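S.K.: Next up is a structure, given as structure tokens.
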Amino acid sequence: MDYTQLKKDIIKYSQKIGIDKIGFASADPFIELKSRLIRQQELHFQSGFEEKDIEKRVDPSLIFDKPQSIIAIALAYPSKLKEAPKGKKGERRGIFCKASWGIDYHQILKDRLTKLEDYISSKVPHARFKSMVDTGELVDRAVAERAGIGWSGKNCSIITPEFGSYVYLGEMITNLPFEADQPIENQCGTCRKCLDACPTGALVQGGQLNSNSCIAFLTQTKDFLADEFKEKLGNRLYGCDTCQTVCPKNKGIDFHFHEEMIASPELAKPLLEPLLTISNKEFKQKFGVVSGSWRGKKPIQRNAIIALAHFNEESSLPILIQVMKEDVRPVIRGTAAWAIGKIGGIRAKEALSEAKGKEKDETVQQEIQKAEIMLQ
């Protein structure tokens, strides 16, 4: 088998099926990555969403029998929303991050990887694969960096020369000995715009992220948010784009190559108030196609409540009071109480006083008390 020619054929085919960039890497263990992951674990900087076995994250041979190479792919996604609806007083809107626009990217990349597997199998019947997107054992960014897709930026994103950091990543371990591509030299230089712009200081230093204070992570949690993070959330419903938006390498970058990634404006920037009382069925019907729905409606609703407080939206007090009184979930009731206190006014004070006398949950009572202090 002429693997040099096969590699050329694969690259050509990848372009036909909508893969914007492809690279080939060795399947050797990621030695340097291991020490960084151990340090992240020691500092408690991990999100908890990752594969917990560090050995599996850095050694392809532990998850695939006799790996010979890894194929990395990248698909560019849009960075600008066409015909974006504008929020206004009485009709405030939240925002999903750019990576959650369009159809869930996991599905899109898995489709491309499956097509790539089928093509390679047609050429090499004995070929074996293990493909993964985001939720696999390997670290997507480490594979993409080794395969020459881009360099690992200070904002902990892979930055490509062609598409900036607005790319989805996926990879495929194979038993085929492809020649590895050369990594790209890091081009961040002395720039630290992402570090300075991070709303919570989660970017501890270039290339090191404390996930537990990263807004992108926090928007996906289901418990109460600490007050310091509530103040930083703004109108974000899912994810955070700040460290990408300020990156000079993303200036002027906006590609609309893939129809599946074209955002529905009403999904990308939905009205906030309707989210507070949306049913599970309605949520799945409306938002189930986007990646930002994977944790269910609860985090989105909590974030929507915080966003209304961010806008100081007095017209939302009736629905916030209703949620504080009637919602069965303490996190939602308590967050609504905090928002009511943040917005303030006589009506807010009366509602909190009434809720304080009826609320049985201790954590919600604490939120009510904090809200009342804000009103003093």
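S.K.: Keeping to the range 305-322, report how many residues are surrounded by 23 or more Cβ atoms within 10 Å (Cβ to Cβ) and closer than 13 Å to residue 278 by Cβ.
M.R.: Qualifying residue count, the range 305-322: 1.
S.K.: Among 351, 339, which is of a type outside the set (D, E, K, R), touching a Leu at 6+ places or on another chain (Cβ under 8 Å), within 24 Å of residue 296 (Cβ to Cβ) and touching a residue at least 24 places away in the same chain (Cβ under 8 Å)?
M.R.: Testing whether each residue is of a type outside the set (D, E, K, R), touching a Leu at 6+ places or on another chain (Cβ under 8 Å), within 24 Å of residue 296 (Cβ to Cβ) and touching a residue at least 24 places away in the same chain (Cβ under 8 Å) leaves just 339.
S.K.: What are the pairs, 6+ residues apart or on separate chains, where a residue within the range 30-48 that is touching a residue at least 60 places away in the same chain (Cβ under 8 Å) has its Cβ under 9 Å from a residue that is surrounded by fewer than 12 Cβ atoms within 10 Å (Cβ to Cβ)?
M.R.: Within 9 Å, the pairs are 45/39; 46/52.
S.K.: Additional query: Applying the selection to the range 88-119, what residues are out of contact with any Asp or Glu (no Cβ under 9 Å at 6 or more places or on another chain), surrounded by 21 or more Cβ atoms within 10 Å (Cβ to Cβ) and farther than 24 Å from residue 305 by Cα?
M.R.: 112, 116
S.K.: Using the structure shown, decide if residue 350 is farther than 30 Å from residue 109 by Cα, assigned to a helix (DSSP H, G or I), acidic (Asp, Glu) and out of contact with any helix residue (DSSP H, G or I) (no Cβ under 8 Å at 6 or more places or on another chain).
M.R.: When the stated conditions are applied, residue 350 passes them.
S.K.: Okay, next question. Just the residues that are touching a strand residue (DSSP E or B) at 6+ places or on another chain (Cβ under 8 Å) and of a type in the set (Asp, Glu), please, taken from the range 183-201.
M.R.: Passing the criteria: only 185.
S.K.: Could I ask something else about it? Just checking, does the range 217-239 include any residue being over 26 Å from residue 364 (Cα atoms), more than 18 Å from the chain's Cα centre (by Cα) and among the aromatic types (Phe, Trp, Tyr)?
M.R.: No.
S.K.: Is it true that some residue in the range 105-126 is in contact with a helix residue (DSSP H, G or I) (Cβ under 9 Å, 6 or more places away or on another chain), farther than 26 Å from residue 9 by Cα and either of a type outside the set (Val, Ile, Thr) or modelled with pLDDT of 95 or more (or both)?
M.R.: Looking for residues that are in contact with a helix residue (DSSP H, G or I) (Cβ under 9 Å, 6 or more places away or on another chain), farther than 26 Å from residue 9 by Cα and either of a type outside the set (Val, Ile, Thr) or modelled with pLDDT of 95 or more (or both), one finds none in the range 105-126, hence no.
S.K.: Does at least one position in the range 8-26 carry a residue that is surrounded by 12 or more Cβ atoms within 10 Å (Cβ to Cβ), farther than 15 Å from residue 119 by Cβ and basic (Lys, Arg)?
M.R.: Yes, the range 8-26 contains at least one residue that is surrounded by 12 or more Cβ atoms within 10 Å (Cβ to Cβ), farther than 15 Å from residue 119 by Cβ and basic (Lys, Arg).
S.K.: Turning to a different aspect of this structure: What number of residues within the range 267-304 are surrounded by 17 or more Cβ atoms within 10 Å (Cβ to Cβ), among the β-branched types (Val, Ile, Thr) and either under 18 Å from residue 221 (Cα atoms) or in contact (Cβ under 8 Å) with a residue 40 or more places away in the chain (or both)?
M.R.: 2
S.K.: Every residue in the range 68-82 that is assigned to a strand (DSSP E or B) and either within 19 Å of residue 245 (Cβ to Cβ) or β-branched (Val, Ile, Thr) (or both), please.
M.R.: 70, 71, 73, 76
S.K.: Of all residues in the range 182-224, count the ones that are hydroxyl-bearing (Ser, Thr, Tyr), surrounded by 15 or more Cβ atoms within 10 Å (Cβ to Cβ) and part of a loop (DSSP other than H, G, I, E, B).
M.R.: 3
S.K.: Follow-up question, since we're still on this one. Name the single residue, out of those in the range 337-372 being more than 16 Å from residue 322 (Cβ to Cβ) and among the basic types (Lys, Arg), that is surrounded by the most Cβ atoms within 10 Å (Cβ to Cβ).
M.R.: 342
S.K.: For the range 96-103, indicate whether the set of residues that are of a type outside the set (Gly, Ala, Ser), in contact (Cβ under 8 Å) with a residue 60 or more places away in the chain and in contact with a Cys (Cβ under 8 Å, 6 or more places away or on another chain) is non-empty.
M.R.: Yes, some residue in the range 96-103 is of a type outside the set (Gly, Ala, Ser), in contact (Cβ under 8 Å) with a residue 60 or more places away in the chain and in contact with a Cys (Cβ under 8 Å, 6 or more places away or on another chain).
S.K.: Which numbered condition trips up residue 149, out of (1) part of a strand (DSSP E or B); (2) of a type in the set (Val, Ile, Thr); (3) within 26 Å of residue 203 (Cα to Cα)?
M.R.: Of the numbered conditions (1) part of a strand (DSSP E or B); (2) of a type in the set (Val, Ile, Thr); (3) within 26 Å of residue 203 (Cα to Cα), the odd one out for residue 149 is (1).
S.K.: So, one more: Name the residues in the range 1-33 that are in contact with an Asp or Glu (Cβ under 8 Å, 6 or more places away or on another chain) and either over 19 Å from residue 138 (Cβ atoms) or assigned to a helix (DSSP H, G or I) (or both), would you?
M.R.: 3, 4, 7, 20 - these are the residues of the range 1-33 that are in contact with an Asp or Glu (Cβ under 8 Å, 6 or more places away or on another chain) and either over 19 Å from residue 138 (Cβ atoms) or assigned to a helix (DSSP H, G or I) (or both).
S.K.: Quick one: in the range 51-62, of everything that is free of Cβ contacts under 8 Å to residues at least 60 places away in the same chain and in a loop (DSSP other than H, G, I, E, B), which residue is surrounded by the fewest Cβ atoms within 10 Å (Cβ to Cβ)?
M.R.: Among them, the one singled out is 52.
S.K.: Residues in the range 231-250 that are outside any helix (DSSP H, G or I) and under 16 Å from residue 167 (Cβ atoms): how many?
M.R.: 3
The values are calculated or read from the model by the stated rules, or taken from the named source; none is laboratory data. Computed from a predicted structure; not experimentally measured. Glycine gets a Cβ as well: all are built from the backbone with ideal geometry, and neighbour counts include every protein chain shown.
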